[in-house]
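Peer 1: First the structure, then my questions, so here it is.
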């Protein structure tokens, strides 16, 4: 571990999926000799899925970080179209040792021009939007491409966090934190991915998403069109 604290910045925003943030935060914030900063577009309170995160720091006031993480959310593409927020992501990523995301946070990285020609993960329902940003969709739960580390949908953020911890502090550190947090998943149902879910259940879920698909596709292409 370096002598200077390893600085982690979670760039959150109103409307995000809070487990995309809180899952990785619970693990990564336990890394020794590190400091974790929670940033948002305006600072202050950030509502997310019925919870409110307080005392966040305005992202424009952060000079640099070693690791930047952008969580996802059902409105991630709304923020991918926010030029100020995307500009701050691009700025911090330029000097970060690691640029990371969870779930649809990768679409925001894409809008910042950080995924061109690179493999990336995303929530399975929105993975097909990645090529709009020149990215190569990868169905893996965690995808590593150089200093870019992306996690799949929501709960994949914990596997993502362990991958990050192992990269920075070694396998023993990751395993120790995993032990302390008793992360030994054994779900009562085996339907967490489309290839595992019963066909009827998957079809019903896709029907629920259908009204959003055209809008999200249009947003992704609009964000991509703004790339330099």
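Read-outs throughout are calculated quantities, based only on the coordinates presented, and are distinct from any laboratory measurement. These numbers were taken from a predicted model, which means no experiment stands behind them. Every residue, glycine among them, receives a Cβ derived from its backbone with ideal geometry; neighbour counts consider all protein chains shown.
Peer 1: Give me the mean projected area, in nm² to one decimal, of the convex hull enclosing the Cα positions of the chain.
Peer 2: With the hull built on Cα positions only, its mean projection is 12.4 nm².
Peer 1: Could you pull out which residues in the stretch 73-115 have an amide N less than 13 Å from a spot 7 Å beyond the Cα of residue 215, following the Cα-Cβ vector?
Peer 2: Of the residues in the stretch 73-115, 74-79 have backbone N under 13 Å from the label point off residue 215.
Peer 1: Which of 153, 44, 180 moves the most in a Gaussian network model of the chain with Cα springs under 10 Å?
Peer 2: Looking only at 153, 44, 180, the biggest GNM fluctuation is shown by 180.
Peer 1: Return 62, 28 ranked ascending by Cβ neighbour count within 10 Å, so the fewest neighbours appear first.
Peer 2: On the way: 62 17, 28 24.
Ascending number of Cβ neighbours within 10 Å: 62, 28.
Peer 1: Plugging the Kirkwood radius over Cα pairs into Stokes-Einstein for the stretch 44-124, at a temperature of 4 °C and a viscosity of 1.567 mPa s, what D comes out in µm²/s?
Peer 2: Here the translational diffusion coefficient equals 98 µm²/s.
Peer 1: Where does the chain land at 222 nm, in deg cm²/dmol rounded to the nearest 500, when only DSSP H runs of n ≥ 4 count, each adding -39500 (n - 2.57), divided by all residues?
Peer 2: -12000 deg cm²/dmol
Peer 1: Using every alpha carbon pair in the stretch 139-179, what percent of pairs falls into each 5 Å bin from 0 up to the bin containing the largest distance?
Peer 2: It works out to 6, 26, 30, 23, 13, 2, in whole percents.
Peer 1: Using Cα-Cα distances under 8 Å and only pairs 6 or more residues apart, what relative contact order does the chain have, in percent?
Peer 2: So the answer I get is 19 percent.
Peer 1: List 34, 40, 29 from most exposed to least, where exposure is judged by having the fewest other Cβ atoms within 10 Å.
Peer 2: Ordered by Cβ neighbours within 10 Å, fewest first: 29, 34, 40.
Peer 1: With labels modelled as points extended 7 Å from the Cα through the Cβ direction, what inter-label distance (nm, one decimal) is found for residue 184 paired with residue 75?
Peer 2: A separation of 4.0 nm, rounded to one decimal place.
Peer 1: Oh, and also: Considering the chain as a Gaussian network with a 10 Å cut-off on Cα pairs, which listed residue, 201, 92, 81, attains the greatest mean-square fluctuation?
Peer 2: Residue with maximal mean-square fluctuation among 201, 92, 81: 201.
Peer 1: Compute the distribution of all C-alpha to C-alpha distances in the stretch 116-200, in bins of 5 Å from 0, and list the percent of pairs in each, rounded to whole numbers.
Peer 2: 3, 14, 20, 21, 18, 14, 9, 3, 0
Peer 1: Tally the DSSP beta bridges in the chain and give the antiparallel ones as a percent, rounded to 5.
Peer 2: 30
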